[in-house]
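We did not get these values from a lab; they are worked out from the coordinates using the rules stated. Here the structure is a predicted model, which is why all the values come from computation and not from measurement. Quick reminder, even Gly has a Cβ in these numbers, built from the backbone with ideal geometry, and neighbours come from all protein chains shown.
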């Protein structure tokens, strides 16, 4: 059963109506006026909100007026090519870009492919409404995709399964065959533009969330009923076969019907002190059911598959928190879980463990320097590049050396963070990097270079920058410095000696929150701006950082995108968003502004949303739309519809967002 909570816009609308009613109640002598003329046909007459305008730009309508605003590159296998799809008022188009050759070509002739698909599926399609879904490159020049038909097909079921179901229900009741929409699968040669239907198409196998597969594909580890278990990969493949082509409950039922040998690895797990995930439902009843199902072990493998590591959290003494689900239920349902509160004596206790696969032995890494400290494993989640649809994504240790497990520990007040290295065989623990501040210390996962050096992000000098550490914990050099903020490391190219980083607050005359892409030398000798322009730049780089796609805009400009190489040379412009439908409907960009903070020195940046029938000769009530984190902001920098703020303004308000104290970066 689905349960719905009031949307943000609904709550904002209620506030708007209440505020409007209060303002109208002040009487005709009030200094507050709205932008409607006397004699209008609006609800309530003069002084009321413009409900017609608000309804026209309601959040559930305004989104239909906008097409694509960003190019999202899908990199092709292990090449530097990428493809993307782009929607405008003429329909959806698909492009293949080769940065090395500087070419951008349409993958399909839309008219031709529409005619071909119509002939094969017998459903009418046109160039503006292509039904193509699930594009996947299986080689550098060949793609596969699917099209859903308007016609149904009968689902073939196992006869024994059907008989069992009929015995449980009413055998005498006439049964109708189960059906689903037919899906056509196609293969397409990009160079020759030839299309063929795949009659014996086999869906790529999807791995269930609970499966943690060893790098040598020998074992699969999971958690159930608070303990760790494993099965052979051969047995796991039988589960994959049973789940194949199924989703949701059907896949889960097929999985449970497969008999496999499960080897128990731990026996002392218990509720709130579980090995791996213990599972959690939306209510207490659902949570109890989740305990009995396979769950994620939350482990990270050594590259040689000899060990895996995990943290174990003890929440047995932590206080409870409750949520009562009343809406949509015949009777209220309870959700209970343990939750750490600031200042409480009993909080989650974290321990780090390593399991030896050969010895079948769990060992705790002894490291309890600070009371109530938290711990976590630095892992590599990189996905294998290539064309194999069944490629396995694994969580592996940051280091490819079996005697180097990198992890972090953090004090409860979050003023201290250490990067640690442990040897699983000896249990020896070494502090590699130490961070100390009198305020909250943030950290990111370091990047390990081929020679064992770590590139580490730190705010130790008041600005976020990158530092290169040797394996023994000494600083080789800084990669970046100065009064600006490095937001994150995008790609490292060791062969050419540079890294691509995302940063802000470096360029004069710009909103300091606008992001840019920079190329920095690994020896720290130089930093180069790659995508100039007074915009917020959201970029995606190719493997190795040879090229990147730059999506740039401000909240008050039309979004555009371009392709650059790692030297900052623009290879080509890609797209400019089609805003014609929005503009025809009367859409207007919001305004950006800045004011001084209470100290009279610091600039604070914000966005102002006015009603589209704004009259500068009149006064309007102001609503401050606030969502401070402090880890997040409600102030948009790149283009966004911000439909809640825009819709609220149409009731006759000026809506403002502004950077709150403690906001980022």
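What distance in nm lies between label points placed 7 Å from Cα along the C-beta direction at residue 258 and residue 437? With each label point 7 Å from Cα toward Cβ, the separation is 4.7 nm. You can think of it this way: the chain between residue 403 and residue 470 has 22.5 nm of extra reach, that is 0.36 nm per residue less the Cα-Cα gap.
Highest mean first, how do 283-290, 392-399 rank when packing is the count of other Cβ atoms within 10 Å averaged over residues? Numbers along the way, then the final one.
On the way: 283-290: 13.9, 392-399: 18.8.
Put in order of decreasing packing, that is 392-399, 283-290.
Looking only at the chain, where both bridge partners belong to it, what percent of the DSSP beta bridges are antiparallel (to the nearest 5)?
In the chain, approximately 95 percent of DSSP beta bridges are antiparallel ones.
Please find the FRET efficiency linking residue 56 to residue 627, where r is the Cβ-Cβ separation and R0 is fixed at 41 Å, and quote it to the nearest 0.05. According to the calculation, E is roughly 0.95.
Each of 331, 238 has some number of other Cβ atoms within 10 Å of its Cβ, and from fewest to most they run 331, 238. By the count of neighbouring beta-carbon atoms within 10 Å, fewest first, 321, 437 end up ordered 321, 437. Counting neighbouring beta carbons within 10 Å and listing from fewest to most, the residues 547, 188, 609 come out as 188, 547, 609.
Between residue 593 and residue 508, the modelled labels are 2.8 nm apart [label points 7 Å from Cα along Cα→Cβ].
Using a Förster distance of 45 Å, how high is the FRET efficiency between residue 286 and residue 366, based on the Cβ-Cβ distance and rounded to 0.05? If you can, show how the numbers build up before the last one.
Numbers: r = 37 Å, r/R0 = 0.82.
It comes out at approximately 0.75.
What value, in deg cm²/dmol to 500, does the helix sum -39500 (n - 2.57) over DSSP H runs of n ≥ 4 give at 222 nm once divided by the residues of the chain? Value at 222 nm, helices only: -4000 deg cm²/dmol.
Normalised by the number of residues in the chain, the mean separation of alpha-carbon contacts (under 8 Å, six or more apart) gives a relative contact order of 11 percent. Which whole-number percentage describes the relative contact order of the stretch 212-576, with Cα contacts under 8 Å and a sequence gap of 6 or more? Taking the mean separation of contacting Cα pairs over the length of the stretch 212-576, I get 8 percent.
Rounded to the nearest 0.05, what FRET efficiency do residue 359 and residue 334 give with R0 = 45 Å and r taken as the Cβ-Cβ distance? Could you check? The calculated FRET efficiency here is 0.55. Between the stretch 524-586 and the stretch 100-116, the alpha-carbon centres lie 23 Å apart. Convex hull volume of the Cα atoms of the chain, normalised per residue: 228 Å³.
Distance from the Cα centre of the stretch 464-480 to that of the stretch 372-434, in angstrom? One Cα centre to the other: 18 Å. With 0.36 nm allotted per residue and the present C-alpha distance subtracted, the residue 196-residue 314 stretch has 36.9 nm of extension available. With a simple spin-label model that places each label point 7 Å from the Cα along the Cα-to-Cβ direction, the separation between residue 556 and residue 87 comes to 2.9 nm.
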